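Enquirer: Dumping the structure here so I can ask a few things about it.
The values are calculated or read from the model by the stated rules, or taken from the named source; none is laboratory data. All values derive from a computational prediction rather than experimental measurement. For neighbour counting, all protein chains shown are included, and Cβ atoms are generated from backbone atoms with ideal geometry for every residue, glycine included. Note: areas computed on protein heavy atoms with side chains; ligands, DNA, RNA excluded. Shrake-Rupley method; radii C 1.70, N 1.55, O 1.52, S 1.80 Å.
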Amino acid sequence: MNDLDTLVQTARADFAAARQGAALEDAKARFLGKSGRITELLKGLGMLSPEQKKARGAEINQAKAAIEAALQARRVQLAEADLDAQLQAEALDVTLPGRGRGVGGLHPVSRTIERIEAIFASMGFDVAEGPEIETDWMSFTALNNPENHPARSMQDTFYVDVKDAGGRWLCLRPHTSPMQVRYAQAHAARHAQDVAAGKPMAEIRVIAPGRVYRVDSDATHSPMFHQVEGLWLGANVSFKDLKVVFADFVRQYFETDDFDVRFRPSFFPFTEPSAEIDIRFGSGPLAGRWLEVAGSGQVHPNVVRNYGLDPETNIGFAFGIGADRFAMLRYGVDDLRLMFDGDLRFLSQFR
Ligand code: DAH
């Protein structure tokens with residue numbers, strides 16, 4: 001092996017040893033650079049005879065070409081390795097499962113209210129909504145609950161730092177009953193001509209679901225909860241009608257005939273007589289226990305007057321359903337607070 005072959009082999013080994021572009025360029029300089037080995041060999045030609053120069057020159061050029069080829073091959077190799085490394089690092093694994101988006105759902109109380117609305121709508125009831133920040137008059141006085149009357153403490157609520165036109169603090173409504181007054185007043189206004197002529201007015205049949213507030217908090221009471229108010233007012237709507245409507249509602253809501261309904265005498269300022277409605281299932285996990293589910297009664301004549309109507313010709317009943325109670329009974333939940341904690345482990349069971 002002559003010196004040139006050795007040189008080419010050394011260059012190949014050096015190039016192979018270079019792991020990166022920069023190292024390879026250093027190696028190149030050692031062989032092909034201005035003071036590299038090949039350049040030095042070419043300079044040395046000057047001392048040879050013309051014949052020797054020709055032969056030796058051709059050999060050196062061959063070696064130079066071989067080194068350049070080795071350099072180029074190594075450059076390509078390193079570039080490919082770089083690209084491979086980059087592709088590895090940025091690898092996109094198309095076999096990974098997607099991240100997915102969480103599936104939302106209606107809150108169990110919202111589902112319950114929708115269910116209650118659908119059942120009463122099927123019985124010809126309108127659905128109305130009203131304000132949660134309410135006047136003192138609508139919340140109490142219009143409902144035959146006079147100022148300073150002890151019955152007001154049954155519905156102690158939160159007050160808002162704003163007064164109404166009459167100088168009374170606004171409050172968070174303690175029940176949905178103000179909606180009886182708001183809806184009946186609007187209804188009376190729509191039928192003003194009939195009302196003025198003393199003619200029978202079209203019946204009022206409405207439910208009003210929504211949030212209500214009380215100064216109360218334990219396993220069965222929450223400062224915010226839900227009610228569904230009901231009002232059926234006509235020429236002669238009686239307790240008997242209430243019993244039929246309510247029993248039919250319970251039958252549809254719980255999808256069973258196996259229950260009793262009991263009206264237990266009670267007191268509310270806005271009804272006379274007043275009753276708590278209890279139900280008792282004949283079978284299932286709640287069988288045999290009386291469960292209180294609503295307040296009710298014949299609307300008090302003073303309240304009918306505050307609707308703007310004549311209590312002699314407008315007679316009917318009202319009720320207030322505990323919507324959270326209905327949700328808990330349907331879904332078998334025993335602590336009201338679970339409904340409002342916002343814990344997804346609980347809520348996702350209702351999706
Ligand atoms: N407003 C009552 C309460 O919050 C419930 C109620 C009782 C509503 C009797 C009524 C009713 O409409 O007639 O406790």
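Enquirer: Considering every residue within the stretch 307-324, establish whether at least one is open to solvent by less than 40 Å² (accessible area, probe 1.4 Å), free of Cβ contacts under 8 Å to residues at least 40 places away in the same chain and within 16 Å of the ligand (Cβ to nearest atom).
Expert: Within the stretch 307-324, the subset open to solvent by less than 40 Å² (accessible area, probe 1.4 Å) is 307, 309, 311, 314, 316-324.
Right, trim to free of Cβ contacts under 8 Å to residues at least 40 places away in the same chain and you get 311.
The next check asks that each one be within 16 Å of the ligand (Cβ to nearest atom); those that pass are 311.
Checked the stretch 307-324: at least one residue is open to solvent by less than 40 Å² (accessible area, probe 1.4 Å), free of Cβ contacts under 8 Å to residues at least 40 places away in the same chain and within 16 Å of the ligand (Cβ to nearest atom).
Enquirer: Do we find that residue 76 is among the β-branched types (Val, Ile, Thr), open to solvent by 60 Å² or more (accessible area, probe 1.4 Å), more than 16 Å from the ligand (Cβ to nearest atom) and in a loop (DSSP other than H, G, I, E, B) in this structure? Don't jump to the end; show me each part of the working.
Expert: Working: among the β-branched types (Val, Ile, Thr): yes; open to solvent by 60 Å² or more (accessible area, probe 1.4 Å): yes; more than 16 Å from the ligand (Cβ to nearest atom): yes; in a loop (DSSP other than H, G, I, E, B): no.
Spelling it out, it is not the case that residue 76 is among the β-branched types (Val, Ile, Thr), open to solvent by 60 Å² or more (accessible area, probe 1.4 Å), more than 16 Å from the ligand (Cβ to nearest atom) and in a loop (DSSP other than H, G, I, E, B).
Enquirer: Among the numbered criteria (1) open to solvent by 40 Å² or more (accessible area, probe 1.4 Å); (2) closer than 22 Å to residue 324 by Cα; (3) within 16 Å of the ligand (Cβ to nearest atom), which single criterion is violated by residue 218?
Expert: Failed condition: (3).
Enquirer: Now for a different question. Report yes if some residue within the stretch 292-300 is open to solvent by 20 Å² or more (accessible area, probe 1.4 Å), in the same structural domain as residue 220 (by TED's automatic domain parsing) and more than 15 Å from the ligand (Cβ to nearest atom); otherwise report no.
Expert: No.
Enquirer: Now a separate question. Could we say that residue 268 is closer than 22 Å to residue 138 by Cα and touching a residue at least 24 places away in the same chain (Cβ under 8 Å) here?
Expert: So residue 268 passes the test.
Enquirer: Mind counting the residues in the stretch 109-140 that are open to solvent by 10 Å² or more (accessible area, probe 1.4 Å), in a helix (DSSP H, G or I) and within 14 Å of the ligand (Cβ to nearest atom)?
Expert: 1
Enquirer: Do you know which of the residues in the stretch 94-108 that are of a type outside the set (A, V, I, L, M, F, W, C) and surrounded by 13 or more Cβ atoms within 10 Å (Cβ to Cβ) is farthest from residue 334 (Cα to Cα)?
Expert: 105
Enquirer: Quickly run through the stretch 141-163 and pick out the residues that are assigned to a loop (DSSP other than H, G, I, E, B), away from the ligand (no atom under 11 Å from the Cβ) and touching a strand residue (DSSP E or B) at 6+ places or on another chain (Cβ under 6 Å).
Expert: The answer is 158, and nothing else.
Enquirer: For the stretch 173-201, what are the residues that are open to solvent by less than 50 Å² (accessible area, probe 1.4 Å), part of a loop (DSSP other than H, G, I, E, B) and under 20 Å from residue 235 (Cα atoms)?
Expert: Those that are open to solvent by less than 50 Å² (accessible area, probe 1.4 Å), part of a loop (DSSP other than H, G, I, E, B) and under 20 Å from residue 235 (Cα atoms): 191, 201.
Enquirer: Something else: Find all pairs meeting these conditions: Cβ atoms under 7 angstrom apart; at least six residues apart or on different chains; first residue within the stretch 146-169 and open to solvent by 70 Å² or more (accessible area, probe 1.4 Å) and at pLDDT 90 or above; second residue assigned to a strand (DSSP E or B) and within 16 Å of the ligand (Cβ to nearest atom).
Expert: Listed pairs, sorted by first residue: 158/171; 158/172; 158/213; 159/171.
Enquirer: Can you tell which of 287, 247, 275 is within 10 Å of the ligand (Cβ to nearest atom) and more than 24 Å from residue 187 (Cα to Cα)? Before the answer, list the steps.
Expert: Details: 287 fails: within 10 Å of the ligand (Cβ to nearest atom); 247 fails: within 10 Å of the ligand (Cβ to nearest atom).
Exactly one of 287, 247, 275 is within 10 Å of the ligand (Cβ to nearest atom) and more than 24 Å from residue 187 (Cα to Cα), namely 275.
Enquirer: Of the numbered conditions (1) open to solvent by 10 Å² or more (accessible area, probe 1.4 Å); (2) touching a Lys or Arg at 6+ places or on another chain (Cβ under 6 Å), residue 278 fails exactly one; give the number of that condition.
Expert: All conditions are met except number (1).
Enquirer: Would it be correct to say that residue 88 is open to solvent by 90 Å² or more (accessible area, probe 1.4 Å), within 30 Å of residue 3 (Cα to Cα) and over 31 Å from the mean Cα position of the chain (by Cα)?
Expert: Numbers: open to solvent by 90 Å² or more (accessible area, probe 1.4 Å): yes; within 30 Å of residue 3 (Cα to Cα): no; over 31 Å from the mean Cα position of the chain (by Cα): yes.
So residue 88 does not fit the description; no.
Enquirer: Spot the failing condition for residue 233; the list is (1) aliphatic (A, V, I, L, M); (2) loosely packed, with under 14 Cβ neighbours inside 10 Å; (3) under 26 Å from residue 202 (Cα atoms), and only one is missed.
Expert: Among (1) aliphatic (A, V, I, L, M); (2) loosely packed, with under 14 Cβ neighbours inside 10 Å; (3) under 26 Å from residue 202 (Cα atoms), the lone unmet condition for residue 233 is (2).
Enquirer: Taking the condition of being under 17 Å from residue 318 (Cβ atoms) and either under 32 Å from the mean Cα position of the chain (by Cα) or exposed (fewer than 15 other Cβ atoms within 10 Å of the Cβ) (or both), how many residues in the stretch 251-265 meet it?
Expert: Qualifying residue count, the stretch 251-265: 2.
Enquirer: Mind checking whether some residue in the stretch 202-213 is touching an Asp or Glu at 6+ places or on another chain (Cβ under 6 Å), within 16 Å of the ligand (Cβ to nearest atom), of a type in the set (A, V, I, L, M, F, W, C) and open to solvent by less than 60 Å² (accessible area, probe 1.4 Å)?
Expert: Checked against the condition, which is being touching an Asp or Glu at 6+ places or on another chain (Cβ under 6 Å), within 16 Å of the ligand (Cβ to nearest atom), of a type in the set (A, V, I, L, M, F, W, C) and open to solvent by less than 60 Å² (accessible area, probe 1.4 Å), the stretch 202-213 yields at least one hit.
Enquirer: Checking residue 110 against (1) under 30 Å from residue 336 (Cβ atoms); (2) in contact (Cβ under 8 Å) with a residue 40 or more places away in the chain; (3) of a type outside the set (Asp, Glu), which single condition isn't satisfied?
Expert: Condition not satisfied by residue 110: (2).
Enquirer: Might you check whether a residue that is out of contact with any Pro (no Cβ under 9 Å at 6 or more places or on another chain), of a type in the set (D, E, K, R), open to solvent by 40 Å² or more (accessible area, probe 1.4 Å) and within 22 Å of residue 263 (Cβ to Cβ) occurs anywhere in the stretch 325-335?
Expert: Yes, there is a match, as at least one residue in the stretch 325-335 is out of contact with any Pro (no Cβ under 9 Å at 6 or more places or on another chain), of a type in the set (D, E, K, R), open to solvent by 40 Å² or more (accessible area, probe 1.4 Å) and within 22 Å of residue 263 (Cβ to Cβ).
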